[in-house]
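Structure record follows, encoded as structure tokens.
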Amino acid sequence: MKNVKFRIFAIIFPLLVSCGKTATTVNSDKEITGNWLLESVVQQNDTIHRPSKKNGIYDISITFKEKGELEATSSTNYLTGFYETAQLNSIQLDGDGTERKETPWGNLFINALPHVNIYDLKSNKLILSCDNDSQLIFDRVQK
């Protein structure tokens with residue numbers, strides 16, 4: 001009888017121990033945290049690609065830090081703020097920054113940020129979707 005109880009315990013115990021645990025290893029390309037470079041903007045089925053970089057113009061990027069902080073550069077400005085993610089890949093962005101004249105490429109980014117409400121991760125791409133059906137498509141910046 002002891003032998004049967006031990007076998008049942010040996011089978012059930014690993015199942016009980018594993019219940020409620022989450023994976024401790026996270027695939028880095030599935031995390032939103034990190035630095036992302038804006039590659040294209042999609043508006044009404046029209047894709048606008050990143051223009052070539054000019055002197056005095058920044059690459060447009062956004063960095064999602066841990067604890068909900070974010071930093072971003074537009075074509076001419078620096079932004080700081082906060083983000084919050086929730087179920088179903090919803091996201092809210094909030095922040096402020098400098099206010100120098102933007103390029104047309106920078107305006108696409110700046111004008112879209114308040115409307116971002118969904119994010120999606122595909123390999124090394126981050127897609128921020130807006131409530132007006134436009135999308136900001138970023139590539140992960142490799143360290």
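The values are calculated or read from the model by the stated rules, or taken from the named source; none is laboratory data. Because the structure is a prediction, the values reported are computed rather than measured. Methodologically, a virtual Cβ is constructed for each residue, glycine included, from the backbone with ideal geometry; neighbour enumeration extends over all protein chains shown. Areas reflect the complete protein model, heavy atoms only, side chains present, ligands, DNA and RNA absent. Shrake-Rupley method; radii C 1.70, N 1.55, O 1.52, S 1.80 Å.
Can you name every residue in segment 31-79 that is open to solvent by 70 Å² or more (accessible area, probe 1.4 Å), of a type in the set (Ser, Thr, Tyr) and assigned to a strand (DSSP E or B)? Across segment 31-79, the qualifying residue is only Tyr78.
Checking each residue of segment 67-80 against the condition of being charged (D, E, K, R) and in contact (Cβ under 8 Å) with a residue 24 or more places away in the chain gives no match. When Pro51, Pro114 are checked against the criterion of being in contact with a helix residue (DSSP H, G or I) (Cβ under 9 Å, 6 or more places away or on another chain) and more than 17 Å from Ile32 (Cβ to Cβ), a single residue qualifies: Pro51. Consider segment 117-143 and keep the residues that are more than 15 Å from the chain's Cα centre (by Cα) and not charged (D, E, K, R). The one that is least open to solvent (accessible area, probe 1.4 Å) is Ser134. Filter segment 84-116 down to the residues that are buried (at least 17 other Cβ atoms within 10 Å of the Cβ) and either free of Cβ contacts under 8 Å to residues at least 24 places away in the same chain or part of a helix (DSSP H, G or I) (or both) and list them by number. Answer for segment 84-116, where residues must be buried (at least 17 other Cβ atoms within 10 Å of the Cβ) and either free of Cβ contacts under 8 Å to residues at least 24 places away in the same chain or part of a helix (DSSP H, G or I) (or both): Leu93, Trp105, Gly106, Leu108, Phe109, Ile110, Ala112, Leu113.
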